[in-house]
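The values are calculated or read from the model by the stated rules, or taken from the named source; none is laboratory data. As the structure is a prediction and not an experimental result, all values here were calculated from the model. Ideal geometry is used to build each Cβ from the backbone, glycine not excepted, and the neighbour counts take in all protein chains shown.
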Amino acid sequence: MFTKEGGRGVKQQKTDRRSQRTYHLVSAAFTELLLEKPYDEILVQDILDRADIGRTTFYAHYFDKEDVLNSMTEQTLELFMYQIAHSPTRQRVVPSLELFEHVYQSQQQQFRALMRGHAGEHLWEALQTALCRAIEPALSTLCVEKRSPPIPLPVVSEYLASAFLTLLKWWLSADMPYPPEQMESIFQQLALPGVWAMLKEK
């Protein structure tokens, strides 16, 4: 869970139908606002006006605008982690095709909004950490005869996670000009040849 200063995290979500409608309205409004102006310029009143809800309703569900950001970031990260955990092709080390397809088929506007400026810092840092944790164990199973590779696996994991996320960020910023399958091929060609060569060294 993402925490604010002082250790406070996102407010526990309610599950009743009215609350779910409020979460949807606030998320949609916040997404639109993030696409229009920097996070630091967005006020809670802007969210209220765009979502057409009252201040009492907002504070019954969120602490503040940072809570809205953290909640949306958590949801996005959870969906990404689900894709990583349930990828049928873990032997590829980075399940890049599944992740490109997930972004392509999901809420593109929300993801694009979250990646901007201060709002994106939370998401990209969390995704970097999550990907590294998934990549390193996969790499270790591919090392020849279980010998230590010439480059430490944590370094390789950071490199692959950064390369993938940089490509994903560009793809989103460019309005996804290529299909997921082509982006997968581009990533494989750019990032992996050197890694495969390193892992096969004896």
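Within the stretch 142-180, how many residues are within 22 Å of LEU127 (Cα to Cα), touching a residue at least 12 places away in the same chain (Cβ under 8 Å) and aliphatic (A, V, I, L, M)?
Number of matching residues: 10.
Within the stretch 35-55, can one find any residue that is of a type in the set (S, T, N, Q), closer than 19 Å to GLN20 by Cα and out of contact with any strand residue (DSSP E or B) (no Cβ under 9 Å at 6 or more places or on another chain)?
No, the stretch 35-55 contains no residue that is of a type in the set (S, T, N, Q), closer than 19 Å to GLN20 by Cα and out of contact with any strand residue (DSSP E or B) (no Cβ under 9 Å at 6 or more places or on another chain).
Is there a residue in the stretch 138-145 that is more than 17 Å from the chain's Cα centre (by Cα), surrounded by 14 or more Cβ atoms within 10 Å (Cβ to Cβ) and under 18 Å from LEU97 (Cα atoms)?
Yes, the conditions are met somewhere in the stretch 138-145.
Listed here are the residues, each with its yes/no results for (1) outside the structural domain of LEU33 (by TED's automatic domain parsing); (2) over 23 Å from PHE187 (Cα atoms); (3) not in a helix (DSSP H, G or I).
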| residue | (1), (2), (3) |
| --- | --- |
| MET72 | yes, yes, no |
| THR76 | yes, no, no |
| MET81 | yes, no, no |
| HIS102 | yes, no, no |
| ARG112 | yes, no, no |
| LEU123 | yes, no, no |
| ALA126 | yes, no, no |
| PRO149 | yes, no, yes |
| THR166 | yes, no, no |
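Here is a yes/no grid of residues against (1) in contact with a Phe, Trp or Tyr (Cβ under 7 Å, 6 or more places away or on another chain); (2) surrounded by fewer than 19 Cβ atoms within 10 Å (Cβ to Cβ):
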| site | (1), (2) |
| --- | --- |
| LYS11 | yes, yes |
| LYS37 | no, yes |
| ASP64 | no, yes |
| TYR82 | no, yes |
| HIS86 | no, yes |
| PRO95 | no, no |
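Determine whether the stretch 158-170 contains at least one residue that is over 30 Å from LEU69 (Cα atoms) and either modelled with pLDDT under 95 or in contact with a Ser or Thr (Cβ under 8 Å, 6 or more places away or on another chain) (or both).
There is no residue in the stretch 158-170 that is over 30 Å from LEU69 (Cα atoms) and either modelled with pLDDT under 95 or in contact with a Ser or Thr (Cβ under 8 Å, 6 or more places away or on another chain) (or both).
Condition (residue is within 13 Å of the chain's Cα centre (by Cα) and free of Cβ contacts under 8 Å to residues at least 40 places away in the same chain) applied to the stretch 81-92: is it met by at least one residue?
Yes, that holds for at least one residue.
Suppose the filter is farther than 30 Å from SER140 by Cα, surrounded by fewer than 17 Cβ atoms within 10 Å (Cβ to Cβ), outside the structural domain of ARG133 (by TED's automatic domain parsing) and in contact (Cβ under 8 Å) with a residue 12 or more places away in the chain; does VAL26 pass it?
Criteria not met by VAL26.
Does GLN189 qualify as being in contact (Cβ under 8 Å) with a residue 24 or more places away in the chain and in a helix (DSSP H, G or I)?
Values: in contact (Cβ under 8 Å) with a residue 24 or more places away in the chain: no; in a helix (DSSP H, G or I): yes.
For GLN189, the condition - in contact (Cβ under 8 Å) with a residue 24 or more places away in the chain and in a helix (DSSP H, G or I) - is not met.
In the stretch 126-140, what count of residues is obtained for those that are farther than 10 Å from VAL156 by Cβ and touching a residue at least 40 places away in the same chain (Cβ under 8 Å)?
Looking only at that region, the number is 6.
Looking at LEU48, LEU69, LEU33, which is the one that is in contact with a His (Cβ under 7 Å, 6 or more places away or on another chain), crowded, with 16+ Cβ neighbours inside 10 Å and of a type in the set (A, V, I, L, M, F, W, C)?
Checking each option against the conditions leaves just LEU69.
Would you confirm, using the coordinates I've provided, whether MET183 is part of a loop (DSSP other than H, G, I, E, B), touching a residue at least 12 places away in the same chain (Cβ under 8 Å) and closer than 28 Å to GLN75 by Cβ?
So MET183 fails the test.
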